[in-house]
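Peer 1: Take this structure first; my questions come after.
The values are calculated or read from the model by the stated rules, or taken from the named source; none is laboratory data. Bear in mind that the values here come from a model prediction, so they are computed numbers and not experimental data. Cβ atoms come from the backbone with ideal geometry, glycine included; neighbour counts cover every protein chain shown. In case anyone asks, the SASA skips ligands and DNA or RNA and just uses the protein heavy atoms, side chains included. Shrake-Rupley method; radii C 1.70, N 1.55, O 1.52, S 1.80 Å.
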Amino acid sequence: MQETITKTVQLHDKKFAPHISATEIEKAVVRVATKINTDLAGKNPLFVCVLNGVFLFAADLLRKIETPCEISFVKVSSYEGTASSGEVKTQIGLKEDIKGRTIVLVEDIIDSGNTIAKLLPILESQQPAAIKIATLLFKPSAFKRDFKIDYIGLEIPNDFVVGYGLDYNGLGRNLPEIYKITE
Ligand code: 5GP
Ligand code: MG
């Protein structure tokens, strides 16, 4: 089977070109999982995953975690169209008692860092033992915060991307590869 993806996809008014193949994504997921398996063995981590974009990464990551663990989801939103609005909106709260727990906050992509910066004090106020941050993608040149990101799958340039859970106004989440905007 040919591995290189050459097709451009159109979503709404924008075109997107292939950027990261499914194989590269898989390798990135393995890198993150391997480090977590080493660092958090025996700590019964609670993975707190930030919806919606994280759903595929969370599913693939968790299948590679080899220590007993739990998973929960929160929902926030700071993106409109192709730019971060800077303002983090809706939040659906966590039902678990996280006091004394080891938390892994899981994002599909960290861009400005505003979403995580907003969630961190909310989680910290509930006195977990530790909060680790894991993201599949990280845009270093867009990052405006100073929290430490413990697990990064891939660093990417500051381009808007879709696929593997990430959307452009609702479309593109189903694509198995990651595409970047061309115009
Ligand atoms: P931040 O708060 O770090 O600026 O952005 C975090 C959220 O914005 C991500 O979880 C994701 O939902 C969205 N986001 C950031 N960059 C991109 C991107 O390039 N493409 C898409 N589709 N969403 C993004
Ligand atoms: Mg997200």
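Peer 1: Share of antiparallel DSSP beta bridges in the range 24-158, in percent to the nearest 5?
Peer 2: Numbers: 3 of 25 bridges.
Among the beta bridges of the range 24-158, antiparallel pairing accounts for roughly 10 percent.
Peer 1: Further, regarding this structure: Summarise the accessible area of the chain (1.4 Å probe, protein heavy atoms) by the percent that is carbon and sulfur.
Peer 2: Carbon and sulfur together cover 51 percent of it.
Peer 1: Okay, moving on. By how many nm would the segment from THR23 to CYS69 lengthen if fully extended, with 0.36 nm per residue of separation less the alpha-carbon distance? Present the calculation step by step, with values, prior to reporting the outcome.
Peer 2: Details: separation 46, 0.36 × 46 = 16.56 nm, distance 2.57 nm.
Fully extending the segment from THR23 to CYS69 adds 14.0 nm.
Peer 1: Treat each spin label as a single point 7 Å out from the Cα along the C-beta direction, and report the THR6 to SER141 distance in nm.
Peer 2: Going by the 7 Å Cα→Cβ label model, 2.8 nm.
Peer 1: Between their Cα atoms, which of LYS43/LYS180; LYS7/LYS95; LYS144/LYS180; LYS35/LYS95; LYS14/LYS148 are more than 31 Å away from each other?
Peer 2: LYS43/LYS180; LYS7/LYS95; LYS14/LYS148
Peer 1: Sum up the charges of everything whose Cβ sits under 15 Å from the Cβ of ASP97, counting Lys and Arg as +1 and Asp and Glu as -1, but leave ASP97 out.
Peer 2: Net local charge, ASP97 excluded: 0.
Peer 1: Based on alpha-carbon positions alone, could you give the equivalent ellipsoid semi-axes of the range 91-160 from the gyration tensor, as √(5λ), descending, whole Å? Mind dumping the intermediate values first?
Peer 2: Working: eigenvalues 111, 27, 21 Å².
Semi-axes from the Cα gyration tensor: 24, 12, 10 Å.
Peer 1: Would you please report the Å³ per residue occupied by the convex hull of the alpha carbon atoms in the chain?
Peer 2: Spelled out: Cα convex hull of the chain, divided by residues, is 111 Å³.
Peer 1: Hey, what number do you get for the chain at 222 nm if only DSSP H runs of n ≥ 4 count, each worth -39500 (n - 2.57), divided across all residues, to the nearest 500?
Peer 2: My calculation for the chain gives -6500 deg cm²/dmol from helical runs alone.
Peer 1: Measuring with a 1.4 Å probe in the full set of protein chains, what accessible area per residue, in whole Å², belongs to the range 24-158?
Peer 2: Accessible surface, normalised per residue, equals 48 Å².
Peer 1: So for each of 112-120, 12-20, 93-101 I average, over its residues, the number of other beta carbons within 10 Å; can you give me the resulting order with the highest mean first?
Peer 2: Descending packing order for the listed peptides: 112-120, 12-20, 93-101.
Peer 1: Given a Förster distance of 30 angstrom, what is the FRET efficiency for GLU124 paired with ASN174, based on the Cβ-Cβ distance and rounded to 0.05?
Peer 2: Taking R0 as 30 Å, the efficiency between GLU124 and ASN174 is 0.30.
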